[in-house]
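Report on the following structure.
Every number in this text was worked out from the coordinates using simple rules, so none of it is lab data. None of the values given here were measured: they were computed from a predicted structure. Here the Cβ positions follow ideal geometry from the backbone for every residue, glycine too, while neighbour counts run over all protein chains shown.
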Ligand SMILES: Nc1nc2c(c(=O)[nH]1)N[C@H]1C(S)=C(S)[C@@H](COP(=O)(O)O)O[C@H]1N2
Ligand SMILES: [Mo]
């Protein structure tokens, strides 16, 4: 870990590839009398709004009108996912699908489409799905209004690839090295903007040399893609699956397995991540460590991924997390005997909107007053009300958020003394 960001930890899991069915947005826009001619006096935007209201207002975003009007971009209003009606989670009854684009633009529970000469005015259009320059933390970004700089918006996704086999914590006994056995490395690659993944390479020697993997790209056989292969512009939207068979002895002296993809613009992935406040668009080489451990009377190889999605523990990147700043009330030592202690059972009674306590790093906080002000919404705290929320809290909060905790500190969690 370089430094905590304010984004969620997706691991390599916040990606999907589904079959969407819907009405081309272009078709709807034409019915409404909108056409390219409307753009002659300057760019226009299609603004989408969802029915949901979040702590900072309605969810909405926008894309340029020209993007929606060009058929090859395949922008649709979807009502089916993988052959079934959309589920509520995925935007029932109707959502926007913009292939090759970041998820945040694909508004769910779509309620309104507006054509405007300005981008969407939703808070979330500006404060999410941006890559800010590394020197900006959230506070400075807000003060200097860099969230509004159009250069930092994310539309098309960048090129990325992942190793799925070996999985995190997968074990191989060293006895597999006998008999010339082989191992099949596997994963997927993606790139935005309709570009094609043209190769995926694997390194077993920390990036010194690279091996070409085999690609499986199911969409290449799709009639639409076959037709577009010559006319007008080929567009590729789906995951490419890669695999590479290696002899087991390749793991000897192999410290890590890395993967990098290339696309039709000859773009590839950087070796190292660049920190940005949202922690977004990190597409550095995906590196799986190869560890050797003794288990019983056998030696095993154990594979370790960089991170695990969500709140799951593990991953070599988070072995040295940034030092947590634990809140102390001003002028009082936390081992002061006058500070009340509460058992977890006592804390558990304060578990609702009118009376909400939580535990973070063995300290008890009364956040009842803060519920309505929480940028992540009331519900995000309430699901942890009366509980130890250390993991969930540490996962996503900035240093500033950690410092704010001290205003709500009311005591310490009683540590259970072991019975003698
Ligand atoms: N109305 C509405 N649409 C939304 C959001 C939202 O909060 N409200 N979140 C967006 C974001 S940030 C993402 S990544 C995708 C997630 O889509 P999924 O739930 O189908 O994976 O929905 C987008 N559309
Ligand atoms: Mo998102």
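Taken as Cα centroids, the range 378-417 and the range 172-208 sit 40 Å apart, rounded to the nearest whole angstrom.
Structure remark: mean-square fluctuation, Gaussian network model of the chain, C-alpha springs under 10 Å; the largest value among 138, 261, 14 belongs to 14.
Across the range 124-278, the mean sequence separation of Cα contacts (distance under 8 Å, 6 or more residues apart), normalised by length, yields a relative contact order of 32 percent. Could you work out the relative contact order of the range 34-125, using alpha carbon pairs under 8 angstrom and six or more residues apart, expressed as a whole percent? After rounding, I find 40 percent. The simple Förster model, with R0 at 41 Å and r as the Cβ-Cβ distance, assigns residue 51 and residue 221 a FRET efficiency of 0.60. Footprinting exposure proxy ranking of 125, 397, 249, fewest other C-beta atoms within 10 angstrom first, gives 249, 397, 125. Take the Cα of residue 374, step 7 Å toward its Cβ, do the same at residue 36, and the gap between the two points is 4.9 nm. Among 33, 57, 310, which one moves the most in a GNM of the chain with springs linking Cα atoms closer than 10 Å? Its mean-square fluctuation being the largest, the pick is 33. Note on the chain: with a GNM built from Cα contacts shorter than 10 Å, the maximum mean-square fluctuation among 318, 19, 197 falls on 19.
If the chain linking residue 82 and residue 249 were pulled fully straight, counting 0.36 nm for each residue of separation and taking away their Cα-Cα distance, it would gain 56.0 nm. In terms of other Cβ atoms within 10 Å, 47, 17 run from fewest to most in the order 17, 47. Please find the FRET efficiency linking residue 118 to residue 302, where r is the Cβ-Cβ separation and R0 is fixed at 56 Å, and quote it to the nearest 0.05. According to the calculation, E is roughly 0.55. Relative contact order of the chain, taken over Cα pairs closer than 8 Å and 6 or more residues apart, is 16 percent. Panel order for 256, 346, 369, by other beta carbons found within 10 Å of each beta carbon, from fewest to most: 369, 346, 256. Shown is the FRET efficiency for residue 414 and residue 27, computed with R0 = 60 Å from the Cβ-Cβ distance and rounded to the nearest 0.05: 0.40.
DSSP finds beta bridges in the chain, and of those with both partners inside it, around 95 percent are antiparallel.
Which distance in Å, rounded to a whole number, links the C-alpha centroids of the range 138-171 and the range 25-84? Each part reduced to its Cα centre gives a spacing of 23 Å.
Figure legend: label point modelled 7 angstrom from the Cα of residue 176 along Cα→Cβ; residues of the range 239-268 with amide N under 13 Å from it are 245-252. Sorting 288-295, 354-361 by average packing, meaning the other beta carbons within 10 Å per residue, from highest down gives 354-361, 288-295. The calculated 222 nm mean residue ellipticity attributable to helices in the chain amounts to -2500 deg cm²/dmol, summing -39500 (n - 2.57) over DSSP H runs of n ≥ 4 and dividing by all residues. Taking every pair of alpha-carbon atoms in the chain, give the share separated by more than 42 Å as a whole percent. Tail fraction, whole percent: 26.
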